[in-house]
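Please read the structure below before turning to the comments.
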2 protein chains.
Amino acid sequence: MLTLFHHPFCPHSRFIRISLGEFGEDVKLVEERVWERRESFLTLNPAGTTPVLVEDSGLAIPGASVIAEYLNETRANNSQNHHFLGRDAASSVEIRRLLSWFNEKFFAEVSGPLLNERFYKRHLPLSAGGGAPDTDAMRAARSNIRYHLAYIGWLVSQRAYLAGEQLTFADLAAAAHLSTVDYLGDVPWNEDETAKTWYARVKSRPSFRPILLEVAAGMAPSATYADLDF
Amino acid sequence: MLTLFHHPFCPHSRFIRISLGEFGEDVKLVEERVWERRESFLTLNPAGTTPVLVEDSGLAIPGASVIAEYLNETRANNSQNHHFLGRDAASSVEIRRLLSWFNEKFFAEVSGPLLNERFYKRHLPLSAGGGAPDTDAMRAARSNIRYHLAYIGWLVSQRAYLAGEQLTFADLAAAAHLSTVDYLGDVPWNEDETAKTWYARVKSRPSFRPILLEVAAGMAPSATYADLDF
């Protein structure tokens, strides 16, 4: 069975958990506290970040985008409509562009800073980066999310899903990042009905369910987090 | 013919220029000043970053890692030994891991801050982010590069090239980032002879030559920048 070193609030880990669910892969989850910098974890991924997927053979696949490419190469089954990285070069370009958009840009501008200020700083010891949140960083991220939400709304006003007419890794990554921000109650859903409808569709998939049922100790999710008709 | 929107000092653009050279592809270069945020450029890449590769058909491929995957899918010729993304799933994992290492981690910790403080701030108007360099950021980047150089040295002490026995995109990306820092004279080559020997090999490839011959107005390269026996 596959093993995934992850953290419940790491959006990149969530993206991979949801993707594994879409592929029907069972996975053993290991919660990794990357700030402890465990030596045996650094051997799996010298960059020291989650997620890391490990095969029974011992092969370690570190990083969300590397894992997505790997799953596509080793697990995609065309008869089951697993075109999560596209059917042709042009659609693959659009999917990878949006994967990078959410896993890097959205993470740098929205999910990364909000999780850092509102979750990690609160739960981590001072020595590992814990402490008082930086309200300027929170304000900037809450402002940034508005144009990302508008961009999602614009994309799905032209297409069924973010990168085209089919569900792809782009949708799974975007929804994974949004789900962490939604847990904190920081997604202004009322600003974009089209984006909200798209998220409701992705969030309703069985692959998403395990994530919606998880709750962090001492930090309740927003009222609508797990609600499929939010 | 392909068109590449690039900037001479953008390491991600350099990586793609070198890769196109390895594939024997002619390319029309367009220097893009991303800080001007030209509307027609934002249409090609809403993220507003270089590089963007454009096909004659009009298809725009934005971002270094997306372009690398695209070149591999559309231009790789196995008879010419173009295994820049690997021959099997395990070697592809290692190549993509290192691509992400240099294009994201090295860029965030070394090449991005050094170029920003030492090049862009000096050449850009205040309104576009120009101004006095932040010496703390420069000091941090100059400290960070030392462990990256040691990591390169460690990798090539076990293998012929960064990701294995063959030249791959990992080498081209790493060398592209290093070349921008080397222009500024900020690579402490004397700290790692193995890394230096590896860089000398990559830098000697014909695909690298055009980049070594370019000089920025008002900013001479370091004495050894274009020297193949530095």
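The values are calculated or read from the model by the stated rules, or taken from the named source; none is laboratory data. This one's a predicted model, so the numbers in the text were calculated from it and none came from an experiment. In this analysis, Cβ positions are derived from the backbone assuming ideal geometry, glycine residues included, and neighbour counts consider all displayed protein chains. Surface areas here come from the heavy atoms of the whole protein model, side chains and all, with no ligands, DNA or RNA. Shrake-Rupley method; radii C 1.70, N 1.55, O 1.52, S 1.80 Å.
Where does chain B land at 222 nm, in deg cm²/dmol rounded to the nearest 500, when only DSSP H runs of n ≥ 4 count, each adding -39500 (n - 2.57), divided by all residues? Computed ellipticity for chain B at 222 nm equals -13000 deg cm²/dmol. Residue order by solvent-accessible surface for B:225, B:147 is B:147, B:225, largest first, with ligands and nucleic acids left out and a 1.4 Å probe.
Solvent-accessible surface of the protein assembly as shown, taken per residue with a 1.4 Å probe and all protein chains present: 42 Å². Along the charge dipole of the protein assembly as shown, which of B:143, A:157, B:77 sits closest to the positive end, that is, farthest toward it, with unit charges on the beta carbon of Lys, Arg, Asp and Glu (+1, +1, -1, -1)? It is B:143, whose Cα lies furthest towards the positive end. Mean projection of the Cα convex hull over all viewing directions, computed for region A:136-176: 3.0 nm². Amide H contacts of residue A:161: A:166, each under 5 Å away and 5 or more positions distant or on a separate chain (H built 1.01 Å from N in the peptide plane; Pro and chain starts excluded).
Backbone N atoms of region B:147-161 closer than 19 Å to the 7 Å Cα→Cβ label point of residue B:197 belong to residues B:149-161.
Could you tell me the distance between the Cα centroids of region B:77-134 and region B:196-230, to the nearest Å? First find each Cα centre; the distance between them is then 17 Å.
Accessible area buried by the pairing of B and A, both sides summed with a 1.4 Å probe, works out to roughly 1700 Å². In this structure, the pairs whose alpha-carbon distance is over 26 Å, taken from A:105/A:203; A:105/A:196; A:105/B:28; B:105/B:196; A:28/A:105; A:105/B:121, are A:105/B:28; A:28/A:105.
If I compute solvent accessible area with a 1.4 Å probe over the protein chains, what percent of it on region B:89-206 is carbon and sulfur? Within region B:89-206, the accessible surface is 52 percent carbon and sulfur. For region A:70-87, accessible area lost to neighbouring protein chains reaches 40 Å² or more, against the chain alone with a 1.4 Å probe, at A:73. The charge dipole of the protein assembly as shown, taken about the Cα centre with unit charges on the Cβ atoms of Lys, Arg (+1) and Asp, Glu (-1), comes to about 460 debye, rounded to the nearest 20.
Take every DSSP beta bridge whose two residues both sit in region A:1-79; close to 55 percent of them are antiparallel. Spin-label model, residue B:227/residue A:80: points 7 Å from Cα along the beta carbon direction are separated by 5.9 nm.
Accessible surface for residue A:126 stands near 140 Å², nearest 10, in the context of the full protein assembly shown (1.4 Å probe).
Taking the Cα centre of chain B as origin and charging only Cβ (+1 Lys, Arg; -1 Asp, Glu), how large is the dipole, in debye to the nearest 20? Write down the numbers at each step before the final one.
Details: 23 positive and 28 negative charges, 49 e Å.
Computed charge dipole of chain B: roughly 240 debye.
Placing one equal scatterer on every Cα of chain B and applying the Debye formula, the log10 ratio I(q)/I(0) at q = 0.12, 0.14, 0.16 Å⁻¹ is -0.65, -0.89, -1.18.
Rank these residues by their accessible area, most exposed first, probe 1.4 Å: B:3, B:224, B:135.
Working: B:3 25, B:224 55, B:135 80 Å².
Reading off the accessible areas and sorting them downward yields B:135, B:224, B:3.
Out of all DSSP beta bridges with both ends in chain B, state the antiparallel percent to the nearest 5. Before the final figure, lay out the partial values.
Numbers: 8 of 13 bridges.
So the antiparallel bridges in chain B amount to around 60 percent.
Phi angles of region B:67-75 translate, via the Karplus equation with coefficients 6.51, -1.76, 1.60 and θ = phi - 60°, into HN-Hα couplings of 5, 4, 4, 5, 4, 4, 6, 10, 10 Hz per residue; Gly and Pro are given as x. Label-to-label distance, residue A:158 versus residue A:126, with points set 7 angstrom from Cα along the beta-carbon direction: 5.1 nm.
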